[in-house]
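A quick write-up on the structure given underneath.
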Amino acid sequence: MRRFALIGHPVAGSLNPSLIAVAYKGRYTYDLLDFENFEDAWQAFLDGYYGINVTAPFKQDAFAKVDSLSARALSTGAVNLVVPDGKGGFAGYNTDVDGVVLALEETGLRFHEALVVGTGGAARAAVYAARHLGCNVTVTGRSLEKAEALGCPAVSFEEAARLRPDLVIYTLPGRAPIPEGLPFAGSVVLEAEYRNPALSAVRCRKYISGNRWLLHQAVAAYRIFTGEEPDFDAMNAQILKKKL
(Lines give C-alpha, C1' and ligand atoms only; values in the text may rest on other atoms or scores of the structure.)
Protein backbone atom coordinates (compact mmCIF):
# COMPACT_ATOMS: atom_id res chain seq x y z
CA MET A 1 0.00 0.00 0.00
CA ARG A 2 1.24 3.46 -0.85
CA ARG A 3 1.98 5.61 2.20
CA PHE A 4 1.78 9.40 2.26
CA ALA A 5 2.82 12.11 4.69
CA LEU A 6 3.10 15.83 5.30
CA ILE A 7 6.50 17.32 6.11
CA GLY A 8 6.98 20.74 7.69
CA HIS A 9 7.22 22.55 11.01
CA PRO A 10 4.83 22.72 12.72
CA VAL A 11 2.34 20.21 11.29
CA ALA A 12 0.27 19.35 14.38
CA GLY A 13 -3.42 19.91 13.75
CA SER A 14 -3.25 19.33 10.00
CA LEU A 15 -6.50 18.01 8.52
CA ASN A 16 -4.72 16.06 5.78
CA PRO A 17 -4.89 12.66 7.55
CA SER A 18 -8.65 12.90 8.06
CA LEU A 19 -9.19 14.26 4.56
CA ILE A 20 -7.39 11.41 2.82
CA ALA A 21 -9.18 8.93 5.09
CA VAL A 22 -12.61 10.09 3.93
CA ALA A 23 -11.44 10.71 0.35
CA TYR A 24 -10.60 7.04 -0.14
CA LYS A 25 -12.58 5.34 2.66
CA GLY A 26 -9.48 4.57 4.71
CA ARG A 27 -7.52 2.78 1.98
CA TYR A 28 -4.44 5.00 2.33
CA THR A 29 -2.41 6.05 5.35
CA TYR A 30 -1.18 9.59 5.90
CA ASP A 31 1.30 10.63 8.60
CA LEU A 32 2.48 13.98 9.96
CA LEU A 33 6.28 14.36 9.99
CA ASP A 34 7.37 17.35 12.04
CA PHE A 35 11.03 18.33 11.63
CA GLU A 36 12.82 21.62 12.11
CA ASN A 37 15.46 20.59 9.56
CA PHE A 38 14.52 19.93 5.93
CA GLU A 39 17.15 17.25 5.33
CA ASP A 40 15.82 15.22 8.27
CA ALA A 41 12.29 15.54 6.90
CA TRP A 42 13.42 14.52 3.43
CA GLN A 43 15.20 11.45 4.78
CA ALA A 44 12.07 10.39 6.64
CA PHE A 45 10.23 10.63 3.32
CA LEU A 46 12.82 8.49 1.57
CA ASP A 47 12.75 5.91 4.35
CA GLY A 48 9.07 5.10 4.27
CA TYR A 49 6.75 7.02 1.95
CA TYR A 50 5.64 7.04 -1.67
CA GLY A 51 4.61 10.70 -1.74
CA ILE A 52 4.61 13.75 0.49
CA ASN A 53 2.91 17.06 0.84
CA VAL A 54 5.23 19.88 1.85
CA THR A 55 4.26 22.82 4.03
CA ALA A 56 6.12 25.77 5.56
CA PRO A 57 8.98 26.30 5.86
CA PHE A 58 10.12 23.69 3.32
CA LYS A 59 8.38 24.51 0.01
CA GLN A 60 11.40 26.18 -1.53
CA ASP A 61 13.75 23.52 -0.15
CA ALA A 62 11.66 20.88 -1.88
CA PHE A 63 11.73 22.91 -5.09
CA ALA A 64 15.53 22.72 -5.06
CA LYS A 65 15.58 19.01 -4.19
CA VAL A 66 13.41 17.39 -6.86
CA ASP A 67 14.57 16.25 -10.28
CA SER A 68 11.65 17.56 -12.36
CA LEU A 69 8.96 20.18 -11.92
CA SER A 70 5.41 20.70 -13.09
CA ALA A 71 4.76 23.92 -14.97
CA ARG A 72 3.11 25.49 -11.92
CA ALA A 73 5.90 24.45 -9.58
CA LEU A 74 8.47 25.86 -11.99
CA SER A 75 6.59 29.14 -12.34
CA THR A 76 6.05 29.60 -8.61
CA GLY A 77 9.46 28.45 -7.41
CA ALA A 78 7.78 26.36 -4.70
CA VAL A 79 6.81 22.70 -4.32
CA ASN A 80 4.09 21.37 -2.03
CA LEU A 81 3.89 17.80 -3.35
CA VAL A 82 6.58 15.25 -4.27
CA VAL A 83 6.18 11.82 -5.89
CA PRO A 84 8.49 9.50 -7.84
CA ASP A 85 9.02 10.64 -11.42
CA GLY A 86 9.23 7.11 -12.88
CA LYS A 87 12.88 7.60 -13.79
CA GLY A 88 14.50 6.99 -10.44
CA GLY A 89 14.09 10.56 -9.23
CA PHE A 90 11.34 12.76 -7.88
CA ALA A 91 8.82 15.14 -9.43
CA GLY A 92 7.60 18.29 -7.70
CA TYR A 93 4.16 19.86 -8.05
CA ASN A 94 2.38 22.92 -6.71
CA THR A 95 -1.28 22.24 -5.93
CA ASP A 96 -1.51 25.38 -3.78
CA VAL A 97 -2.30 27.15 -7.05
CA ASP A 98 -5.37 24.91 -7.48
CA GLY A 99 -6.33 25.70 -3.90
CA VAL A 100 -6.27 29.46 -4.43
CA VAL A 101 -7.93 29.48 -7.85
CA LEU A 102 -10.81 27.20 -6.87
CA ALA A 103 -11.37 28.81 -3.46
CA LEU A 104 -11.81 32.14 -5.26
CA GLU A 105 -13.81 30.78 -8.21
CA GLU A 106 -16.40 29.17 -5.94
CA THR A 107 -17.34 32.65 -4.69
CA GLY A 108 -18.66 33.51 -8.14
CA LEU A 109 -16.90 36.88 -7.93
CA ARG A 110 -14.42 38.49 -10.30
CA PHE A 111 -11.30 40.29 -9.15
CA HIS A 112 -9.09 42.91 -10.76
CA GLU A 113 -6.58 44.25 -8.23
CA ALA A 114 -4.95 41.78 -5.84
CA LEU A 115 -2.65 42.38 -2.90
CA VAL A 116 -0.62 39.37 -1.74
CA VAL A 117 0.66 39.66 1.83
CA GLY A 118 3.76 37.54 2.47
CA THR A 119 6.73 36.29 0.50
CA GLY A 120 7.02 32.53 1.16
CA GLY A 121 5.89 29.49 -0.80
CA ALA A 122 2.18 30.13 -0.26
CA ALA A 123 2.61 33.71 -1.47
CA ARG A 124 4.28 32.48 -4.64
CA ALA A 125 1.28 30.27 -5.37
CA ALA A 126 -1.06 33.16 -4.56
CA VAL A 127 0.69 35.44 -7.06
CA TYR A 128 0.47 32.82 -9.81
CA ALA A 129 -3.19 32.09 -9.06
CA ALA A 130 -4.22 35.75 -8.93
CA ARG A 131 -2.53 36.40 -12.26
CA HIS A 132 -4.25 33.30 -13.69
CA LEU A 133 -7.56 34.88 -12.69
CA GLY A 134 -6.64 38.08 -14.54
CA CYS A 135 -5.61 40.25 -11.62
CA ASN A 136 -2.99 42.93 -11.43
CA VAL A 137 -0.91 41.81 -8.46
CA THR A 138 1.03 43.77 -5.85
CA VAL A 139 3.08 42.07 -3.13
CA THR A 140 3.92 43.28 0.35
CA GLY A 141 5.96 41.67 3.10
CA ARG A 142 8.38 42.24 5.93
CA SER A 143 11.26 42.19 3.46
CA LEU A 144 10.86 44.41 0.40
CA GLU A 145 13.71 42.51 -1.26
CA LYS A 146 11.89 39.20 -0.88
CA ALA A 147 8.64 40.77 -2.08
CA GLU A 148 10.35 42.07 -5.21
CA ALA A 149 11.66 38.54 -5.90
CA LEU A 150 8.09 37.40 -6.61
CA GLY A 151 8.14 39.30 -9.89
CA CYS A 152 5.38 41.83 -9.15
CA PRO A 153 5.30 45.43 -8.01
CA ALA A 154 6.38 45.32 -4.36
CA VAL A 155 5.51 47.80 -1.63
CA SER A 156 6.07 48.22 2.09
CA PHE A 157 3.27 47.62 4.58
CA GLU A 158 2.88 51.38 4.89
CA GLU A 159 2.47 51.79 1.13
CA ALA A 160 0.11 48.80 0.97
CA ALA A 161 -2.21 50.59 3.39
CA ARG A 162 -2.89 53.20 0.69
CA LEU A 163 -3.91 50.65 -1.95
CA ARG A 164 -7.52 49.76 -2.78
CA PRO A 165 -7.46 46.12 -3.92
CA ASP A 166 -10.64 44.12 -4.35
CA LEU A 167 -8.77 40.96 -3.27
CA VAL A 168 -6.26 40.40 -0.47
CA ILE A 169 -4.54 37.01 -0.20
CA TYR A 170 -2.96 36.82 3.24
CA THR A 171 -0.20 34.22 3.65
CA LEU A 172 1.51 35.25 6.88
CA PRO A 173 1.48 32.69 9.72
CA GLY A 174 -1.58 32.94 11.93
CA ARG A 175 0.45 33.63 15.05
CA ALA A 176 2.46 36.45 13.42
CA PRO A 177 1.44 40.04 14.24
CA ILE A 178 -0.98 41.49 11.70
CA PRO A 179 0.64 44.46 9.94
CA GLU A 180 -1.20 47.67 10.73
CA GLY A 181 -3.33 49.46 8.18
CA LEU A 182 -3.68 46.76 5.50
CA PRO A 183 -6.64 47.50 3.19
CA PHE A 184 -9.05 44.75 4.22
CA ALA A 185 -12.27 46.78 4.54
CA GLY A 186 -13.37 46.85 0.89
CA SER A 187 -11.70 43.59 -0.13
CA VAL A 188 -12.44 39.91 -0.34
CA VAL A 189 -9.86 38.34 1.98
CA LEU A 190 -8.51 34.81 1.47
CA GLU A 191 -6.30 33.62 4.31
CA ALA A 192 -3.88 30.73 3.80
CA GLU A 193 -3.73 29.74 7.49
CA TYR A 194 -6.60 27.60 8.74
CA ARG A 195 -5.31 26.11 12.00
CA ASN A 196 -4.65 29.45 13.70
CA PRO A 197 -6.31 32.07 11.47
CA ALA A 198 -5.50 35.69 12.22
CA LEU A 199 -8.19 37.37 10.14
CA SER A 200 -11.40 35.38 10.68
CA ALA A 201 -12.99 38.36 12.46
CA VAL A 202 -11.50 41.11 10.29
CA ARG A 203 -13.87 43.68 8.78
CA CYS A 204 -13.90 43.06 5.03
CA ARG A 205 -16.21 42.55 2.06
CA LYS A 206 -16.00 38.75 2.40
CA TYR A 207 -13.69 36.44 4.34
CA ILE A 208 -12.64 33.10 2.82
CA SER A 209 -11.15 30.66 5.31
CA GLY A 210 -7.98 28.80 4.53
CA ASN A 211 -9.97 25.59 4.79
CA ARG A 212 -11.28 26.25 1.25
CA TRP A 213 -7.70 26.60 0.01
CA LEU A 214 -6.78 23.41 1.90
CA LEU A 215 -9.70 21.45 0.47
CA HIS A 216 -9.09 22.28 -3.16
CA GLN A 217 -5.32 21.81 -3.02
CA ALA A 218 -5.87 18.45 -1.29
CA VAL A 219 -8.25 17.24 -4.02
CA ALA A 220 -5.64 18.04 -6.66
CA ALA A 221 -2.85 16.51 -4.56
CA TYR A 222 -4.66 13.23 -3.89
CA ARG A 223 -5.33 12.75 -7.60
CA ILE A 224 -1.58 12.99 -8.22
CA PHE A 225 -0.74 10.71 -5.28
CA THR A 226 -3.09 7.89 -6.23
CA GLY A 227 -4.17 8.32 -9.84
CA GLU A 228 -7.73 8.05 -8.51
CA GLU A 229 -10.52 10.58 -8.12
CA PRO A 230 -11.06 11.40 -4.43
CA ASP A 231 -14.54 11.72 -2.93
CA PHE A 232 -14.95 15.50 -3.00
CA ASP A 233 -18.28 15.53 -1.20
CA ALA A 234 -16.87 13.50 1.71
CA MET A 235 -13.83 15.77 1.92
CA ASN A 236 -15.98 18.88 1.85
CA ALA A 237 -18.21 17.47 4.59
CA GLN A 238 -15.12 16.76 6.70
CA ILE A 239 -13.96 20.36 6.27
CA LEU A 240 -17.40 21.76 7.14
CA LYS A 241 -17.59 19.53 10.22
CA LYS A 242 -14.48 21.21 11.60
CA LYS A 243 -16.25 24.60 11.38
CA LEU A 244 -13.02 26.38 10.49
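The values are calculated or read from the model by the stated rules, or taken from the named source; none is laboratory data. Please read all numbers here as calculations on a predicted model, not as lab measurements. FYI the Cβ positions are ideal-geometry reconstructions off the backbone, even for glycines, and counts take in every protein chain you see. Please note that ligands, DNA and RNA were not included when accessible areas were found on the heavy atoms of the full protein model with its side chains. Shrake-Rupley method; radii C 1.70, N 1.55, O 1.52, S 1.80 Å.
The single condition among (1) open to solvent by 30 Å² or more (accessible area, probe 1.4 Å); (2) under 17 Å from the mean Cα position of the chain (by Cα) that PHE232 does not satisfy is (2). Number of residues in the range 191-229 that are farther than 17 Å from VAL100 by Cα, surrounded by fewer than 14 Cβ atoms within 10 Å (Cβ to Cβ) and charged (D, E, K, R): the value is 3. Here VAL11, VAL82 are screened, and the one residue that is under 19 Å from TYR222 (Cα atoms), open to solvent by less than 60 Å² (accessible area, probe 1.4 Å), of a type outside the set (Asp, Glu) and not in a loop (DSSP other than H, G, I, E, B) is VAL82.
Within the range 41-51, is even one residue open to solvent by 40 Å² or more (accessible area, probe 1.4 Å), of a type in the set (D, E, K, R) and part of a strand (DSSP E or B)? No; the residues of the range 41-51 include none that is open to solvent by 40 Å² or more (accessible area, probe 1.4 Å), of a type in the set (D, E, K, R) and part of a strand (DSSP E or B).
Filtering the range 209-244 to residues that are modelled with pLDDT under 95, among the basic types (Lys, Arg) and part of a helix (DSSP H, G or I) leaves LYS241, LYS242.
State yes or no: is ASN94 under 16 Å from GLY8 (Cα atoms), in contact with a strand residue (DSSP E or B) (Cβ under 7 Å, 6 or more places away or on another chain) and open to solvent by less than 10 Å² (accessible area, probe 1.4 Å)? Here the answer is no, as ASN94 does not meet what is asked.
Against the test of being open to solvent by 50 Å² or more (accessible area, probe 1.4 Å), touching a helix residue (DSSP H, G or I) at 6+ places or on another chain (Cβ under 7 Å) and at pLDDT 95 or above, the options HIS132, HIS112 yield a single qualifying residue, HIS132.
Among the residues of the range 152-179, those that are touching a helix residue (DSSP H, G or I) at 6+ places or on another chain (Cβ under 7 Å) and either assigned to a loop (DSSP other than H, G, I, E, B) or free of Cβ contacts under 8 Å to residues at least 40 places away in the same chain (or both) comprise CYS152, ALA154, SER156, THR171, PRO179.
Among the residues making up the range 14-38, those that are of a type outside the set (A, V, I, L, M, F, W, C), out of contact with any His (no Cβ under 8 Å at 6 or more places or on another chain) and not in a loop (DSSP other than H, G, I, E, B) are ASN16, PRO17, SER18, THR29, TYR30, ASP31.
Taking the range 87-151 as the region of interest, the helices (runs of 4 or more DSSP H) fully inside it that hold 2 or more residues being touching a residue at least 40 places away in the same chain (Cβ under 8 Å) are 96-105, 121-132. Right, SER75: outside any helix (DSSP H, G or I) and open to solvent by 10 Å² or more (accessible area, probe 1.4 Å) or not? When the stated conditions are applied, SER75 does not pass them.
Please count how many residues of the range 198-224 are closer than 14 Å to GLU106 by Cβ and of a type in the set (D, E, K, R). Result for the range 198-224: 2. Here is a check on your reading of the model: is PHE184 open to solvent by less than 60 Å² (accessible area, probe 1.4 Å) and part of a helix (DSSP H, G or I)? Spelling it out, it is not the case that PHE184 is open to solvent by less than 60 Å² (accessible area, probe 1.4 Å) and part of a helix (DSSP H, G or I).
In the range 59-72, the qualifying residues are those that are closer than 13 Å to ARG124 by Cα and either without any contact (Cβ under 8 Å) to a residue 60 or more places away in the chain or part of a loop (DSSP other than H, G, I, E, B) (or both), and the one that is nearest to the chain's Cα centre (by Cα) is ARG72.
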